[in-house]
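A quick write-up on the structure given underneath.
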Amino acid sequence: MTLEKFFSQHPKAALAFSGGVDSAYLLWSGLQAGAEVWPYFIKTPFQPQFELEDAYRLCEQLDAELIVLDYDVLDHETVTSNPPDRCYHCKRWMFSKLKRYAASEGFSLVLDGTNASDDAEERPGMKALRELEVRSPLRECGLTKEQIRELSRRAGLFTWNKPSYACLATRVPIGRTITREDLKRVERGEEKLSALGFRDFRLRLTAGGARLQATEEQLPLTLRRREEILSALEADFSEITLDLRPRVPLD
């Protein structure tokens with residue numbers, strides 16, 4: 001099946017829109033096919049501000065109206081207790097809210113940007129999507145991340161080479177309670193590291209502070225800017241360590 005055929009069969013849908021590579025291309029494809037696809041951004045404490053800004057920017061480029069739904073997933077102990085299947089509970093809460101809201105707006109079909117490169121067996125959140133009957137056209141059409149990036153580049157979408165981004169909750173070790181302050185500390189830290197030139201990295205919480213994971217290409221940057229990194233992060237983290245094993249970007 002092609003995306004054009006999918007949207008000819010399903011000409012009206014609500015899209016869970018993150019502002020990332022996959023959902024951006026899916027939105028573009030739906031609009032190109034003449035479908036009525038409305039992008040919904042679910043704003044939680046797990047999404048940094050730059051993701052919302054990218055979502056607005058992409059929707060402006062495509063002349064689409066972005067609907068932002070605020071949702072505090074920290075109200076749920078099944079999420080804040082941070083069990084191994086936290087993503088399942090989080091997705092279940094978020095997409096249940098989206099489905100209810102979309103239904104009130106006349107949308108019976110909800111889509112997400114899962115692609116054919118995503119391993120369903122390793123992602124608890126995908127179980128929640130199946131249970132809620134959320135469709136994933138990119139995956140159903142067999143489009144991989146690499147293909148989506150290339151197609152996005154040809155379409156002129158600025159998101160085509162945007163690094164994959166996992167929500168802020170993934171920076172908290174499994175079993176450690178997720179708090180609003182920890183999430184804010186990580187967001188501030190990653191924002192400062194981005195300003196120093198880092199790209200596609202992670203700042204993960206540890207018992208004593210935080211650990212920086214950088215790609216092999218950017219490991220030398222950590223040494224050149226060591227003092228600036230310490231200065232940027234020391235207000236939020238008492239201990240700052242560097243993972244000597246390079247971070248391998250997962251697309």
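Summary of values
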item: Leu168 within 18 Å of the chain's Cα centre (by Cα), closer than 30 Å to Asp75 by Cα and surrounded by 19 or more Cβ atoms within 10 Å (Cβ to Cβ); result: yes
item: Those residues of the stretch 193-247 which are touching a helix residue (DSSP H, G or I) at 6+ places or on another chain (Cβ under 8 Å) and within 17 Å of Arg176 (Cβ to Cβ), in sequence order; result: Arg202, Leu203, Arg204, Leu205, Ala210, Asp236, Phe237
item: Positions within the stretch 72-117 being of a type in the set (A, V, I, L, M) and farther than 26 Å from Cys141 by Cβ, in sequence order; result: Val73, Leu74, Val79
item: Hits in the stretch 17-61 - residues which are within 22 Å of Gly156 (Cβ to Cβ), touching a helix residue (DSSP H, G or I) at 6+ places or on another chain (Cβ under 6 Å) and not in a helix (DSSP H, G or I); result: Phe17, Gly19, Ala33, Ala35, Val37, Pro39, Phe41
item: The stretch 215-251, subset of a type outside the set (A, V, I, L, M, F, W, C), in contact with a Phe, Trp or Tyr (Cβ under 9 Å, 6 or more places away or on another chain) and under 24 Å from Trp160 (Cβ atoms), residue modelled with the lowest pLDDT; result: Arg247
item: Residues being touching a residue at least 60 places away in the same chain (Cβ under 8 Å) and aliphatic (A, V, I, L, M) - total across the stretch 221-251; result: 1
item: Subset tally (residues that are of a type in the set (A, V, I, L, M, F, W, C), out of contact with any Cys (no Cβ under 6 Å at 6 or more places or on another chain) and surrounded by fewer than 19 Cβ atoms within 10 Å (Cβ to Cβ)) for the stretch 1-34; result: 2
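The values are calculated or read from the model by the stated rules, or taken from the named source; none is laboratory data. Just so you know, these numbers come straight off a predicted model, no measurement behind them. Because the Cβ atoms are built from the backbone with ideal geometry, glycine has one as well, and the counts that use them run over all protein chains shown.
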